[in-house]
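Heads up, the thing below is written out as C-alpha cells.
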Amino acid sequence: MNKRISTLVTALLLTTTLGWQQPLLSVTAAAKTKTTQTTKKTKAKTVKSQSTHIKLQGASNARDLGGYVNQKGQKIKVHRLIRSNSLSTLSKSDQKKLVKTYHVATDVDLRTVIEQQKSPDVKMSGVKLVKANVFKSFGAFPDFSKKDAGDKMMKKSYHDAITTAQGRKAYKSLFHQLLKNPKNKAVLWHCSAGKDRAGMGTVLVLSALNFNKKAIAKDYLKSNTYLVDTNKENLAKQEAGWKAAGKDLTPTVISNFKAQNGVKMTYLNTMYKAVNTKYGNMDNFLHKGLGLSNKQLKQLQANYLTPAK
C-alpha cells in the first residue's frame, strides 16, 4: 500500500477512536393526609433524575451530570461535574457558556499525547488544563476486514484502561482534581469522542457517588444519541479512507467502523469484569486501584451531592 495512503487511513481511524437517552430512575413519594372521616391521598411527587445536554457548537457530547439522583436519594449538584468530547474546536460562545454558565475551572484531558498535540484543547480564560493520558499511545489497529475486529479492539481498551498503571494514574489524577476543586466550580473531563475514556471516568465518578449499575449504564449509553451526527461524519471519512487505500468496503468493515464509533454494554461489562477479576468489586477498585480513602469518598459525596432527605 502507498505509504501516504496508509498513513491517511491510520489517521482517520485515530480521529474516531476513544468517545438511550432516557431519564434515570425516579424516586416517587406518596403523601397521605388523614381526617376523622376520610383519608385523602395526595398526588405522588416525582423527583426527576436526569443530566443536561450542553449544546455547544464545537462539542456534541458535552453533559452536566447535575440532576442525577443516586440510590440514596441524593442529587448531583448542577454545574459541578461535566463530561465531554474533544474541546479543540470550541467557539467563543462555547467557551463563554462553559466558563460563565457552567463554572468550569478545571479541564482534564484524558487523550493520548499525540491527540493532544494534533488537536489541542482551546485555552479558556481562568480554566486550568490537566493532561491525564489514559493511554500513552494507541497500538496498531487490527485488520478491520476480519469479523468482530472492532468489538475486540474496543473491549481490549476498556480492559487496559483499568488494569494498566497508566490508566489508573490518569483516573487518579481526575479524582485528585475533583477533591481539590472549589465548591462553586466545575471539573470537566473529556477524551476525543467523550464516550470511552471519558465514559469510564464517569462510571468511576458515579460509582464513588453511590450510583448503581443500572443508572450508570443509562448515562453511558447516551453517547450513542448525542454522537449520531458526529458518527455519521466519522463513518463517511472512514469509508472514504478505506476506499482510497484500494480496499474493499465490505459489510464486515462497515460493522467494525460502527463498533468503534459507538458504545455498547459489552464494552462497559468488560470494564466491570476487569475490575472484579483484579479487585473483587468496584469499591475495592476505588480504594486499592485508585487509592481513595473512606474520608476522601465522603468528601466527594459531600462536595457534589445534595444531603439525603
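The values are calculated or read from the model by the stated rules, or taken from the named source; none is laboratory data. Small disclaimer: the values here were computed from a predicted structure and weren't measured. Neighbour counts are summed over all protein chains in view; Cβ atoms, including those assigned to glycine, are modelled from backbone coordinates with ideal geometry.
The table for this structure:
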item	result
Residue selected from the range 220-269 under the condition out of contact with any strand residue (DSSP E or B) (no Cβ under 8 Å at 6 or more places or on another chain) and of a type in the set (Phe, Trp, Tyr), by the criterion farthest from Cys191 (Cα to Cα)	Trp242
Test: residue in the range 259-276 that is touching a Gly at 6+ places or on another chain (Cβ under 8 Å), of a type in the set (Gly, Ala, Ser), surrounded by 16 or more Cβ atoms within 10 Å (Cβ to Cβ) and modelled with pLDDT of 95 or more	yes
Scope the range 272-309; condition part of a helix (DSSP H, G or I) and more than 23 Å from Lys72 (Cα to Cα); matching residues	Lys273, Ala274, Val275, Asn276, Thr277, Lys278, Tyr279, Lys288, Gly289
The listed residue being crowded, with 16+ Cβ neighbours inside 10 Å and more than 24 Å from Gly262 (Cβ to Cβ), out of Lys136, Lys92, Lys77, Lys123	Lys77
Qualifying residue in the range 113-131 (condition: touching a Cys at 6+ places or on another chain (Cβ under 7 Å) and outside any helix (DSSP H, G or I))	no
Any hit, the range 69-83, residues being part of a loop (DSSP other than H, G, I, E, B), under 25 Å from Glu115 (Cβ atoms), at pLDDT 50 or above and of a type outside the set (S, T, N, Q)	no
Members of the range 285-302 that are under 13 Å from His176 (Cα atoms) and surrounded by 15 or more Cβ atoms within 10 Å (Cβ to Cβ)	Leu286, Leu290, Leu292, Gln296, Leu297, Leu300
Members of the range 58-68 that are at negative phi and part of a loop (DSSP other than H, G, I, E, B)	Gly58, Ala59, Ser60, Asn61, Ala62, Leu65, Gly66, Tyr68
Residues of the range 229-250 satisfying the condition of being of a type in the set (Lys, Arg) and surrounded by fewer than 15 Cβ atoms within 10 Å (Cβ to Cβ)	Lys232, Lys243
